[in-house]
């Protein structure tokens, strides 16, 4: 069984993988605090580091390219409001706001 691991300041949370839902939406559904405000890729409060499973995620969006520096993206940073799991697999993400 595949799982999504969400790492926050309050701890580590394992939740089921849900395809084509944003990380912010999945976190809200499972009552995991994942900071966000706009949900459109502007505020970056949902800045997330992909620790495992990047190949199971959607491509980096134009919003992420505008908001995150190239160096951040190279280090695996994405925006939780833009990340979607598009294929079954284990994914580990850490909430890393500025």
Selected residue [under 16 Å from residue 7 (Cβ atoms), under 11 Å from the mean Cα position of the chain (by Cα) and surrounded by 15 or more Cβ atoms within 10 Å (Cβ to Cβ)] from 82, 49: 49
- request: Could you grab me the full set of residues in region 7-25 that are in a strand (DSSP E or B) and more than 24 Å from residue 63 (Cα to Cα)?
  value: 11, 12, 13, 14, 15, 16
query: Looking at this structure, is residue 57 closer than 19 Å to residue 34 by Cα, over 12 Å from the mean Cα position of the chain (by Cα), surrounded by 15 or more Cβ atoms within 10 Å (Cβ to Cβ) and in contact (Cβ under 8 Å) with a residue 24 or more places away in the chain?
result: no
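For every residue, the table says whether it meets (1) surrounded by fewer than 20 Cβ atoms within 10 Å (Cβ to Cβ); (2) part of a helix (DSSP H, G or I); (3) in contact (Cβ under 8 Å) with a residue 12 or more places away in the chain; (4) touching a helix residue (DSSP H, G or I) at 6+ places or on another chain (Cβ under 8 Å).
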{"site": "5", "(1), (2), (3), (4)": "yes, no, yes, no"}
{"site": "27", "(1), (2), (3), (4)": "no, yes, yes, no"}
{"site": "37", "(1), (2), (3), (4)": "yes, no, no, no"}
{"site": "44", "(1), (2), (3), (4)": "no, no, yes, yes"}
{"site": "63", "(1), (2), (3), (4)": "yes, yes, yes, no"}
{"site": "66", "(1), (2), (3), (4)": "yes, yes, yes, no"}
{"site": "78", "(1), (2), (3), (4)": "no, no, yes, yes"}
{"site": "87", "(1), (2), (3), (4)": "yes, no, yes, yes"}
{"site": "98", "(1), (2), (3), (4)": "yes, no, yes, no"}
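Bear in mind that the values in this text are calculations on the coordinates, not laboratory data. Quick caveat: nothing in here was measured; it's all calculated off a predicted structure. Methodologically, a virtual Cβ is constructed for each residue, glycine included, from the backbone with ideal geometry; neighbour enumeration extends over all protein chains shown.
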